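One structure below.
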Amino acid sequence: MLKRAMQTRTAVHDEQAAQRQRKQAYGSALRLTAVVQTAAQLVLWVTFYGYDRAAQAVWQSALLLALPAAGIVCLWYAGGTQKTAGLLLLPCLLLDAAFLLYALCGFIDGLIPEYPYAAGAVCVAAVCWLTLLLSRREGVANGTNVLKYFLLILFLLGAVFLRASSRADRLWPILGQGLPNTALTALSGTGAVWGAALLFVLPDQPKPSVKAAALWTALPWAIGAVWALWYGFLHPWAPGDDLRVAERLMGLARHAADVVNYELAGLMWLVLLPVSLTCCAMSGEILLSRACPRAPRALSASLLLLPALLAVCLLPRQLPQWLKLLLPWRGAWAAAAGAAALMLKRREAAR
Amino acid sequence: MQPVFFRDLKRNMRLMQDALHLDENSDIVLRELDAMGQRCALYYVDGMVGSSLAADFVIRPLLRCTQEYQGEQAVEAVTRRLIEAPEVRRIPSPTEAVGALMNGLCVLIVDTADEAVAVDVRFFVKRSIGPSKTETVVIGPHEAFTEPLRDNLTLLHRMLPTPDLICKRLTVGTKVKTNVALCYLKDICPEETVRQLESRITSAQVDDVMTIGILDQLIEDDPYAPLPQTVSSERPDRAVSFLLEGQAVVLFDGSPRCLAMPMTLWHLFHAPDDSYMRWQYGSCMRIIRLIGAALSLFLPGVFVSIVIFHPISLPMSLLTNIIQSRSVISISLLNEGVLMLAVFALINEAGTRIPGLLGSSFGLVSTLILGTAAVDAGLVSPFLLIVVALSGLGSYALPDYSLSFAFRVGQFLILLAGGLLGLPGVCLTGMLLLFRVAGMQSLGQPYLAPRSPRRMHNPDLVLRAPVYRQRLRTWLADPADALRARGRMRRFGRRKKR
């Protein structure tokens, strides 16, 4: 009946259906936080490590191709509700948080060199922690849901306005290293896609509908690929470890003809990174509070932020190298978590 | 107090005397009379009852009655035959009798009867219905709510002539009971909404609730939330639109405003004008309001942060002008911004409180002395003056006073964050505020719905669709009655095929 009104999202006839729709909407908003977090990880991976091409060990990259997918499938079958499996995902989230905080603090340091590096890190971590405490899970999920359009617009502006003519020979720096090297670099980025596992863990309903889950899982891949392609058009190509974090992040917009576009690209990072970091901390808080319901909220909210903050403040020089080595392994870890979840489920079923 | 009346008038009068402190309180009038062969006592509050009404409809008919009645018969005769006033009811307990008396009713106690009779002959001094002062419109009705609850309910009934309009009378306050009306449309407003709101109002455990603002704070979901969780309006047409959309409306005796719950952030950006004008104009006005809101919240903070930390983002000519104008200013840009916002808030507050006669002098002081003279004296730069004025203008574009106030407080936060941490500070504070607002609820409903989380909704959220496409009520209405129109809304203009 209500389908006649074109503006409706779904047909609703009674209170139960409306209730169901509300739960789905909340689950969808919650899953979006995982998507934003995953997309940010992929884009950061391309910006920081994919930029320098083929720096990863070959065997790691080859190994990591199938693992994230296997973990996701396991979590799918396990229902994603196992408490222990949820806790097993925490190291991946911790790596994500450290990576995001490192990138954000480096960027702020580049924008405002007047302040010490650690001050920015403390401010960012404190604001994210406060946001988590004040806004609860619904706030983070719904707020990210509102911001998604804004983020998308900034993402497009930050990249499209680089004003580089899209000549194919500018892809050469990537392809010139040889297809295997380029492919392996891309594969090492698959570690970032472990976040797709969160799609199956975060909502209260254990198994989301196949279509929606598949679509959401595919989205971050597309964003990562688009970002990599845009980097391919960069001219002149400027690889190297000597680039500072802010320079790397603003790599695309560096060639923007207009200063406003340059600023918009900066704004994209300033919105994307804190939002992703908050989403990441929220995921950790959910997993911990699911496993230990009695844990104080302030503690579970700081579970990821505090170690990440310590790592960023105490190891500012070593952290990029360590992250480079560790980040691809998130896929393997997520796969292990998925397998553990499946095993636990089977054991419970056997009892 | 005694739970029921005695059959003896003297004891009942002593009871009332104790309850009403008659030996000290000279405002309560006691008229003793002989009617129906019995002694009677009539109580009323001086000034709350029309003397001629009481004489014509209560006292005279009683005195004319020659027949004798006793006990239950006497009460029956009074309520059914003798009293000529339209509203008469029996009151079984002294507590209720005192409550009725305080609400302006006459209370009659007859000897040998164990019940009193309350008669509504209220007539008191009140303000007449006038135009709205805080929600003015160019097109549309100009009536606004007034203080007496009954008049406000009359306005609602007149604008919404349907038996489905339910007005539940409740009282709030344990010692001083103030009348509250909970209004909703049967079948359109969900039962859960009514149940929750009623329970929140009646469960308020406080001696007295003097204003609707206090009631608002007692029934809202989160007392620490930065934005209002009810829509407050003084326009009956707006209250009617809330009712038609499935929300419940609370009216408070003595307050010329109503509260509507549940609500969302988007309601605070809607103005009555939007619906009276064509959909294109309404949409345009809402976009302008949103731009005003963004300017109000972010402009001072972004300006200060860019000039202090990211001057390279500005065009060179503009940057040169700003630096030139700031070269004679002795205080830092952040302090200057805080000072200007504080002065603007001061002007705003003073403008609200100032008596009308002094308005012109006030305008002179604020524009000449605080504006031009401050620039000439090198206290503030003209650029910042423009920025603060623009942001103030943006806050005035918001139709809801509470929202505009919240935005003005928020702009201080953003300014401080921008002045101390640059654009990262603005972004982080913006994120904190957005997520905090996104986590808010109004009567259990998410604050940013139906945009986030997504819900079924009418295309009248930010942009308005043509009226014929607005087929749904809001998602706050009962899902079973969510459709406003069945079939085609416009049944003309399409030729029949031969």
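The values are calculated or read from the model by the stated rules, or taken from the named source; none is laboratory data. Owing to the predicted nature of the structure, the values given are computational and were not obtained by experimental measurement. Cβ atoms come from the backbone with ideal geometry, glycine included; neighbour counts cover every protein chain shown. For accessibility, only protein heavy atoms count, side chains too; no ligands or nucleic acids. Shrake-Rupley method; radii C 1.70, N 1.55, O 1.52, S 1.80 Å.
What the table shows:
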read-out	value
Unique match (being of a type in the set (Gly, Ala, Ser) and either in contact with a strand residue (DSSP E or B) (Cβ under 7 Å, 6 or more places away or on another chain) or assigned by TED's automatic domain parsing to the domain that holds B:GLY254 (or both)) among B:ALA113, B:ALA97	B:ALA97
Which listed residue, of B:MET440, B:MET431, B:MET456, is within 24 Å of B:LEU265 (Cβ to Cβ), open to solvent by less than 30 Å² (accessible area, probe 1.4 Å) and within 22 Å of the chain's Cα centre (by Cα)	B:MET440
Flag if B:ARG491 is more than 9 Å from every other protein chain (Cβ to nearest Cβ), free of Cβ contacts under 8 Å to residues at least 24 places away in the same chain and surrounded by fewer than 17 Cβ atoms within 10 Å (Cβ to Cβ)	yes
Only one of B:LEU357, B:LEU370, B:LEU364, B:LEU416 that is surrounded by 13 or more Cβ atoms within 10 Å (Cβ to Cβ), at pLDDT below 80 and either in contact with a Lys or Arg (Cβ under 8 Å, 6 or more places away or on another chain) or on the phi < 0 side of the Ramachandran plot (or both)	B:LEU370
Of residues in region A:113-126 being more than 8 Å from chain B (Cβ to nearest Cβ) and closer than 25 Å to A:LEU32 by Cα, the one farthest from the chain's Cα centre (by Cα)	A:ALA126
Count of region B:70-98 residues which are of a type outside the set (A, V, I, L, M, F, W, C), open to solvent by less than 50 Å² (accessible area, probe 1.4 Å) and at pLDDT below 90	1
Residue in region A:34-52 that is at pLDDT below 70 and under 30 Å from A:LEU252 (Cβ atoms) present	yes
Filter pass, A:GLY232 being at positive phi and at pLDDT below 75	no
Residues (more than 8 Å from chain B (Cβ to nearest Cβ) and either among the β-branched types (Val, Ile, Thr) or over 20 Å from the mean Cα position of the chain (by Cα) (or both)) located in region A:127-143	A:LEU133
Helices (runs of 4 or more DSSP H) contained in region B:349-442 and holding at least 3 residues in contact (Cβ under 8 Å) with a residue 12 or more places away in the chain and among the acidic types (Asp, Glu)	none
Residue satisfying condition, being more than 35 Å from the chain's Cα centre (by Cα) and at pLDDT 90 or above, within set B:ILE322, B:ILE291	B:ILE322
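Residue-wise test of (1) closer than 25 Å to A:VAL146 by Cβ; (2) open to solvent by 30 Å² or more (accessible area, probe 1.4 Å); (3) touching a Cys at 6+ places or on another chain (Cβ under 8 Å).
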residue: A:GLU247; (1), (2), (3): no, yes, no
residue: A:LEU252; (1), (2), (3): no, no, no
residue: A:LEU267; (1), (2), (3): yes, yes, yes
residue: A:LEU272; (1), (2), (3): yes, no, no
residue: A:THR278; (1), (2), (3): yes, no, yes
residue: A:MET282; (1), (2), (3): yes, no, no
residue: A:ALA301; (1), (2), (3): yes, no, no
residue: A:ALA311; (1), (2), (3): no, no, no
